[in-house]
Structures are given as C-alpha cells and as structure tokens.
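**Student:** Pasting a structure here, questions to come.
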Protein chains: 2
Amino acid sequence: MSGGVEWALHCCVVLTAARGPVPAARLAELHDVSGSYLAKQLQSLARAGLVHSVQGHAGGYALTHDPADITVLDVVEAVDGARPAFVCTEIRQRGPLATPAEACTTPCPVHRAMTQADEAWRAALRSISIADLAGQVTGDYGPATFEAIRQWL
Amino acid sequence: MSGGVEWALHCCVVLTAARGPVPAARLAELHDVSGSYLAKQLQSLARAGLVHSVQGHAGGYALTHDPADITVLDVVEAVDGARPAFVCTEIRQRGPLATPAEACTTPCPVHRAMTQADEAWRAALRSISIADLAGQVTGDYGPATFEAIRQWL
C-alpha cells in the first residue's frame, strides 16, 4: 500500500471539519508535508469523485459526498487503484503436466484463496466510513479536536 | 504481494502428492521455471519450518507438517514476511495542531481501520490449508491429477 493512502485518509477526515473548500496548500501546512506531494493525493481523490476542486479566491478542495457515504475502501482504491495484491500468472498452464488453457475456465484454487482474502480485506475497508473515522477521532481526543481544526482552517 | 508466494503455494500443493523428498530442480522442471528462482522460494519455506531439505542421493524438499496443518497464511508470511501492508507514519503528530507523542498511546483511527482489514485478510488466508488447496485441485481436475504428478516426480 502506498504512503499516499494514509495522507489521503487524513485529508478526508480533516475535510469533514471544514466550513468550506480548503486549499491544498492549507491541508499541506496542517499536516506539515510537501504541498506538491499532497496535491497529488488530492488529485487522485478528485479523479475518483470523492472530493472536488472549487476554483477562485475562496477555492480549494471539499468532499463531494456525506462523509458517511465515503468508505475507507473508496479512498484506498482512489489512491492505489482497485487491482488486487495477488496477480495469478497461471502456473497450472506451465511445464510437462500443464493444464490446457481451454480447460482453465475458472481460477485455480490458489487464485481463489487469494481472491477470498482480498474480498475479506475490501469488505473490512468498506465497512468503515470517513464519518466513522471522524467519530473515532472525537472519541479518542475529545470534541475540541475538530473545533480546533475548523478554526485553524 | 511478491510473485514468489504463488510459486511457493504451488510447490507446497505438489509436495502433498510426493512419495518422498523432491529435488528443487525437479519442482522447477515440473513448473517450467528457473531452478535458482524456485530454490529461493523453497529456502524461504525452509527458514519458516514449512519444508525441510533432505540431503543425499534421494534428497530434496518435503513438507514438515501434515498439509492440513499448513495454512496459506503460513506460506504467504514465509515468503513475504508478516509485516502489514499499511505502515502508519503518525501523521497526527505533525504540523501546528500535532497531537503530542505522549498522548499517542493507542493507534489512530486510520491505523486501526487498516489493522482491522489486515486481520480480516490474514484470517481468510489462515482459514485455508494446503490440504484444502490440494482437495480443490482434485475437485477441479479429477483424482488423476495428483496421480500423474506423483508418477512424474
């Protein structure tokens, strides 16, 4: 998993506190990270339709949906893509006892095991929303946390 | 996930069919893959105690446990290590509103979400054994498959 996922998730949680669009540079300053690096993650979120960029003087990035409707999986896939970590190279079709390609109409057992695990991983990430994360931040650090972020932004 | 995991899993399934230790070169030939590449995966399995190397004329690799007691997760961790895909860099401790390090006694909500998904992934891989994979191979391609492998080895 790329480091960009972590930054993108933190940005989404922070955006739940914002009164309006937040410039990428302001999000970068809040997180003490390079603006160009963070802009890259925000552009990935924008391409996936999770945030949109508002132009102009009071412009910046804002969430496009209710935070309860954006899942952690949405953010992970926006930044890292939806490709599973396991890539089947059809080992069963190799060597002297190769299974003929035409007999390989379903994924092999190894591939199926990996798909099952990948689906369990995605289901877990799909079960947690940005609103859930924001709620946990409040639970962990108190309600003043988001108020401080809101003031600062 | 590294490509080595796929090869290592296929080797373990093949070893369930073997009457005795199988030389790495023979496994490589069966899979039509470079012997040195496959030897690397087998050495990872040996370091993790999943296979052992028998020296001598009739030597080679053999599973150390009943295939029902070796999980897909065991093989994945033997080859790729047990480190989760998500690495928390403690973003909450950065910037003008940083949470003080001494207040960070538990992982942050983003980290917890990733840990939860990682555990779901590992649980799925832990629920499938090498014996299960071998059983599915027989189910998919018929009981003659392992007999053919046994003869060939």
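**Student:** Can you tell me which residue is nearest to the chain's Cα centre (by Cα) among those in the stretch B:86-105 that are facing chain A (nearest Cβ under 7 Å) and open to solvent by 60 Å² or more (accessible area, probe 1.4 Å)?
**Tutor:** B:T89
**Student:** Sticking with this structure for a sec: For the subset of the stretch B:1-24 comprising residues that are away from chain A (no Cβ under 12 Å) and part of a helix (DSSP H, G or I), which member is surrounded by the most Cβ atoms within 10 Å (Cβ to Cβ)?
**Tutor:** Selected residue: B:L15.
**Student:** Restricting to the stretch B:25-56, name every residue that is within 14 Å of chain A (Cβ to nearest Cβ) and without any contact (Cβ under 8 Å) to a residue 40 or more places away in the chain.
**Tutor:** Those that are within 14 Å of chain A (Cβ to nearest Cβ) and without any contact (Cβ under 8 Å) to a residue 40 or more places away in the chain: B:A25, B:L27, B:A28, B:E29, B:H31, B:D32, B:V33, B:S34, B:G35, B:Y37, B:L38, B:Q41.
**Student:** Next up: Which condition does A:S129 not pass, out of (1) surrounded by 20 or more Cβ atoms within 10 Å (Cβ to Cβ); (2) free of Cβ contacts under 8 Å to residues at least 24 places away in the same chain; (3) more than 8 Å from chain B (Cβ to nearest Cβ), if it passes all the others?
**Tutor:** Status for A:S129: all satisfied but (2).
**Student:** Of all residues in the stretch A:32-50, how many are within 17 Å of the chain's Cα centre (by Cα) and either closer than 12 Å to A:G60 by Cβ or assigned to a helix (DSSP H, G or I) (or both)?
**Tutor:** 11
**Student:** Could you check the stretch B:73-114 and list, in sequence order, the residues that are among the β-branched types (V, I, T), under 24 Å from A:I149 (Cα atoms) and not in a helix (DSSP H, G or I)?
**Tutor:** First pass over the stretch B:73-114, keeping only residues among the β-branched types (V, I, T): B:75-76, B:79, B:87, B:89, B:91, B:99, B:105-106, B:110.
Applying the additional criterion that residues be under 24 Å from A:I149 (Cα atoms) yields B:89, B:91, B:99, B:105-106, B:110.
Answer for the stretch B:73-114, where residues must be among the β-branched types (V, I, T), under 24 Å from A:I149 (Cα atoms) and not in a helix (DSSP H, G or I): B:T89, B:T99, B:T105, B:T106.
**Student:** Hey, another quick one. When you check A:A148 against the structure, is it more than 28 Å from B:A8 (Cα to Cα), touching a Ser or Thr at 6+ places or on another chain (Cβ under 7 Å) and open to solvent by less than 50 Å² (accessible area, probe 1.4 Å), yes or no? Walk me through how you get there before you give the answer.
**Tutor:** Details: more than 28 Å from B:A8 (Cα to Cα): yes; touching a Ser or Thr at 6+ places or on another chain (Cβ under 7 Å): no; open to solvent by less than 50 Å² (accessible area, probe 1.4 Å): yes.
No, not satisfied.
**Student:** Right, another one. Output the qualifying pairs, or none if there are none: Cβ atoms under 7 angstrom, residues six or more apart or on different chains, first residue in the stretch B:72-97 and within 30 Å of A:W152 (Cα to Cα), second residue exposed (fewer than 14 other Cβ atoms within 10 Å of the Cβ).
**Tutor:** So the pair list comes out as B:Q93/B:A101; B:R94/A:D32; B:G95/A:D32.
The values are calculated or read from the model by the stated rules, or taken from the named source; none is laboratory data. Everything numeric here is computed off the predicted structure, so don't read it as measured data. For neighbour counting, all protein chains shown are included, and Cβ atoms are generated from backbone atoms with ideal geometry for every residue, glycine included. The accessibility values were calculated without ligands, DNA or RNA, using every heavy atom of the protein model including side chains. Shrake-Rupley method; radii C 1.70, N 1.55, O 1.52, S 1.80 Å.
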